[in-house]
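Here's the structure we're looking at; comments come further down.
Laboratory data are not the source of any read-out in this text; all were calculated from the coordinates shown. All values derive from a computational prediction rather than experimental measurement. Virtual Cβ from ideal backbone geometry, glycine too; neighbours counted across all protein chains shown.
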Amino acid sequence: MSNSIAVGVAYNDPEFSTVYATAEIGYSTAAQTAVTQLTSKSTGVTANTSAGQITMNAASLASVTNVTFTLTNSLLSVKDVIIVNVASANATAGAYNAWVSSMLAGSATITLRNITAGALAEAVVINFAIIHAQ
């Protein structure tokens with residue numbers, strides 16, 4: 001694979017697979033993208049890569065309130081796992097929780113919750129990475 005670098009060794013047997021890494025494991029720049037919501041925090045986005053950043057719309061989100069949007073991604077299968085986290089660069093530190101609330105082949109629903117006592121109007125950035133299953 002053109003984006004691959006050997007960083008360790010993998011063992012495969014009928015009961016389990018183990019990977020030992022001697023350097024960081026992740027996706028190359030070519031496997032990442034950045035997308036931005038256009039009209040609201042509930043506007044869906046499309047990112048057809050294995051990892052990337054979603055910049056949310058800066059609309060206000062009320063205290064202790066959830067907002068949900070759809071991530072469309074042609075690489076997603078029903079066996080994959082998506083990891084999401086809030087990047088603190090554009091957001092008040094500790095003010096949000098983010099999680100994947102559902103997933104289908106080709107799309108996932110991501111929920112962001114304002115956990116503060118007041119409304120916030122920030123362009124929150126969510127990092128995502130897909131752990132692909134076979």
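Odds and ends about this structure:
- The stretch 79-113 residues near the modelled Ala31 label - backbone nitrogen below 14 Å, point 7 Å along Cα→Cβ: 81-83
- Between Val100 and Ala21, residue separation times 0.36 nm minus the direct Cα-Cα distance comes to 25.7 nm.
- Direction-averaged projected area, Cα convex hull, the stretch 31-131: 5.5 nm², rounded to one decimal.
- Taken over the stretch 87-134, the ratio of Cα radius of gyration to 2.2 N^0.38 Å equals 1.36.
- Charge tally in the Cβ shell below 10 Å around Leu61, where Lys, Arg are +1 and Asp, Glu are -1, Leu61 excluded: +1
- Length gained when the stretch Ser107-Ser40 is fully extended (0.36 nm per residue, less Cα-Cα span): 22.3 nm
- Arranged from fewest to most other beta-carbon atoms within 10 Å of their beta carbon, Leu104, Leu61 become Leu104, Leu61.
- Inter-label distance for Thr92 and Ala133, nm, one decimal - labels placed 7 Å from Cα along Cα-to-Cβ: 3.7 nm
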